[in-house]
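Chemist: Below are the structure tokens for one structure; questions will follow.
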Amino acid sequence: MAIHLSSSSSRFSKFRSFSTLPGFQPFHSSSSLKFYESSIRRRGRGGGRLRRRRNLELRVFNDDSFDIPVLDDWGDSAITHGYILSSSDGENSDSEFILSPVSDMDLPSTSVSNNDAVSLAAHRFGMVGRGHKRHRIRYGVLLNIGLIVFFTVLLVYVDWCAWRIVRLPLEPFHLTRPFLLSAIISSCAGYVCVPLLYGLKMYQILRKEGPARHSIKKRTPTMGGLFFVPVGVIVAKFIAGFSSTEVSGAAAATLAFGAIGLLDDVLSLIKNRNSGLSARMKLLLEVAVGICFSFWLNTRSVSSPYGMKMLVPLPAPLGLVQLGKWYLLLTSFCFVSMGNGVNLTDGLDGLAGGTAALAFVGMSIAVLPICPDLSIFGASMAGACVGFLLHNRYKASIFMGDTGSLALGGALAAMAACTGMFFPLFISSAIFVLEASSVVMQVLYFKTTKHFSGYGRRLFRMAPIHHHLELCGIKEPLIVAGAYVISSSLALFAGYLGLISA
């Protein structure tokens with residue numbers, strides 16, 4: 001639709017979009033504006049007189065757009081749409097402006113002359129190009145630096161006063177050493193594995209019903225758990241010793257859950273859709289691993305200061321609670337719930353990796369009086385997660401996939417099962433519990449309202465809850481930062497509960 005502006009009528013009217021190209025948006029403060037001005041001479045109708053025609057072409061796109069061609073190479077292709085303003089000077093005739101917009105908007109009315117309108121528009125567009133550019137904060141880098149500083153300070157402090165907690169001599173930097181070593185090795189491994197997975201086109205299969213903004217992540221490789229999970233396990237075994245029964249059991253459970261996730265990821269890539277293993281088959285495999293770990297735990301001798309197993313330490317005045325055979329059922333439940341909780345949380349860049357690292361640190365502090373070797377395992381897995389975050393931060397260059405998320409959930413559940421620290425586990429992993437609960441609540445609410453009213457209603461705009469917050473307009477880095485703050489507080493509280501319970 002063309003828009004005409006004359007000296008007698010200078011009101012822009014509504015127009016509709018001619019383009020549906022992803023990433024294009026109307027004018028706003030974060031848009032980047034590029035325009036070109038060219039002068040074209042053409043012959044008029046009469047008298048052989050030359051008229052000077054001025055064309056102003058404006059391309060608009062935002063920072064979140066992708067695959068945008070270089071502006072110098074833009075031509076008259078079908079997918080290139082912009083704003084074109086042209087005017088021709090003639091005797092006793094009004095100038096004409098033609099505008100081809102990309103989205104609906106109302107421009108303010110103005111009553112200025114033709115020459116003033118062109119000068120005003122050129123001045124405003126020129127000031128946009130010459131204005132001071134806002135310095136964009138690298139939210140992902142900032143969050144990673146904050147996490148690393150928090151972990152380092154906390155673990156150094158715990159190591160400094162560990163002798164008061166355990167009442168036994170521990171090696172210097174008992175927790176800090178495996179954390180930093182795993183973080184460095186996993187970050188370096190990522191620089192090799194990320195390009196390799198990208199070259200093999202192991203791309204993430206996105207949910208069609210997911211948020212529209214996630215379409216820019218469709219060419220991001222997945223299965224990042226292949227390089228950071230083994231690093232955490234190997235470093236823990238190397239530092240704690242290969243003879244540690246608890247670390248061996250936790251490592252076996254972690255790798256078993258990682259194998260289930262790997263199978264799911266591979267089947268998803270083969271089918272080219274976001275459905276590898278069926279939900280029932282995945283649940284059966286997770287339950288099977290949990291039951292096997294429970295029977296292994298019941299038959300093997302693990303170190304415990306209480307001289308007996310199947311005990312759950314709780315804060316005073318509850319004290320020690322003997323669960324007996326219910327302990328095995330609780331173990332299986334923790335494996336399934338933690339694995340799926342981390343898997344559901346893995347929907348935003350850095351969300352699952354950062355909250356899992358904080359949960360591991362909280363559990364490492366909680367289990368330190370009962371099993372110092374398992375605290376090494378937790379610190380090592382936390383460091384592996386932090387090293388992975390250097391590649392998974394906003395905007396992510398790789399995702400952990402089910403390979404990583406299920407493995408992390410299995411590792412957390414194994415730490416709790418070997419020590420009885422189930423209560424600190426659910427405290428430090430409250431983000432995972434919330435994410436899984438939001439999905440359950442969404443499904444139950446939908447089925448209940450459909451049964452009574454004939455049509456289902458949704459409790460959240462989209463489940464898990466981090467997608468609901470996205471659709472409410474909260475930016476992805478802010479959601480992740482808020483989850484980090486909450487999870488760090490819960491990790492400290494869980495560690496404190498573990499210490500006073502033991």
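The values are calculated or read from the model by the stated rules, or taken from the named source; none is laboratory data. It should be emphasised that the depicted structure is a prediction, and the values quoted were computed from it without experimental measurement. Methodologically, a virtual Cβ is constructed for each residue, glycine included, from the backbone with ideal geometry; neighbour enumeration extends over all protein chains shown. Each accessible area value is taken on the protein alone, full model and side chains, heavy atoms only, with ligands, DNA and RNA left out. Shrake-Rupley method; radii C 1.70, N 1.55, O 1.52, S 1.80 Å.
Chemist: For a Förster distance of 22 Å, can you work out the FRET efficiency between the beta-carbons of Thr299 and Ile165, rounded to the nearest 0.05?
Modeler: Efficiency for this residue pair is about 0.15.
Chemist: Okay, next question. Starting with the highest mean, order 461-471, 383-393 by the number of other Cβ atoms within 10 Å, averaged over the residues of each peptide.
Modeler: 383-393, 461-471
Chemist: Still on this structure: Send over the Kirkwood Rh of the range 157-286, from the inverse of the averaged 1/r over different Cα pairs, rounded to one decimal Å.
Modeler: 17.5
Chemist: Under a point spin-label approximation (7 Å from Cα along Cα-to-Cβ), what is the Ile216-Arg273 distance to one decimal in nm?
Modeler: It is 2.9 nm.
Chemist: Using only the alpha-carbon atoms of the range 363-403, report the extent along each of the three principal axes, biggest first, to the nearest angstrom.
Modeler: 39, 18, 12
Chemist: Sticking with this one: Along each of the three principal axes of the Cα atoms of the range 365-502, give the extent in whole Å, ordering the values from largest to smallest.
Modeler: That works out to 56, 36, 26 Å along the principal axes.
Chemist: Let me ask something else. With respect to the cross-link table entries Lys325/Lys450; Lys201/Lys395; Lys282/Lys325; Lys218/Lys450; Lys218/Lys282; Lys237/Lys271, which display a Cα-Cα separation exceeding 30 Å?
Modeler: Flagged as over cut-off: Lys325/Lys450; Lys218/Lys450; Lys237/Lys271.
Chemist: Let me ask another. What nm value, rounded to one decimal, do you get for the distance between Trp326 and Tyr455 when each label is placed 7 Å out toward the C-beta?
Modeler: 4.5
Chemist: With the calculation restricted to Cα positions, what are the radius of gyration and Dmax of the range 224-306 in angstrom?
Modeler: 15.5, 51
Chemist: Long-range amide H contacts for Leu311: which residues qualify at under 5 Å (H placed 1.01 Å from N, peptide plane, sequence gap of 5 or more or a different chain)?
Modeler: none
Chemist: For the range 309-367, report the translational diffusion coefficient in µm²/s to the nearest whole number, using Stokes-Einstein at 10 °C, 1.306 mPa s, and a Kirkwood Rh over Cα pairs.
Modeler: The estimated diffusion coefficient comes to 117 µm²/s.
Chemist: I'd like the projected area of the range 399-448, averaged over all directions, using the convex hull of its alpha carbons. Report it in nm² with one decimal.
Modeler: Hull-based average projected area comes out at 4.5 nm².
Chemist: A follow-up question, please. Return one whole number: the accessible area per residue of the range 263-404 in Å², for a 1.4 Å probe.
Modeler: I get 37 Å² per residue for this part.
Chemist: Give me the tail of P(r) for the range 422-502 as a percent: Cα-Cα pairs with distance above 19 Å.
Modeler: Considering the range 422-502, 52 percent of its Cα-Cα pairs are separated by more than 19 Å.
Chemist: Give me the orientation-averaged projected area of the Cα convex hull of the range 195-249, in nm², one decimal.
Modeler: Averaged projected area of the range 195-249's Cα convex hull equals 5.9 nm².
Chemist: Any idea what diffusion coefficient the range 362-432 gets from Stokes-Einstein, in µm²/s, Kirkwood Rh on alpha carbon pairs, 10 °C, 1.306 mPa s?
Modeler: My calculation gives 124 µm²/s for D.
Chemist: Right, something else. Give me the percent relative contact order of the range 363-470, please, defined on Cα pairs under 8 angstrom at least 6 residues apart.
Modeler: 20
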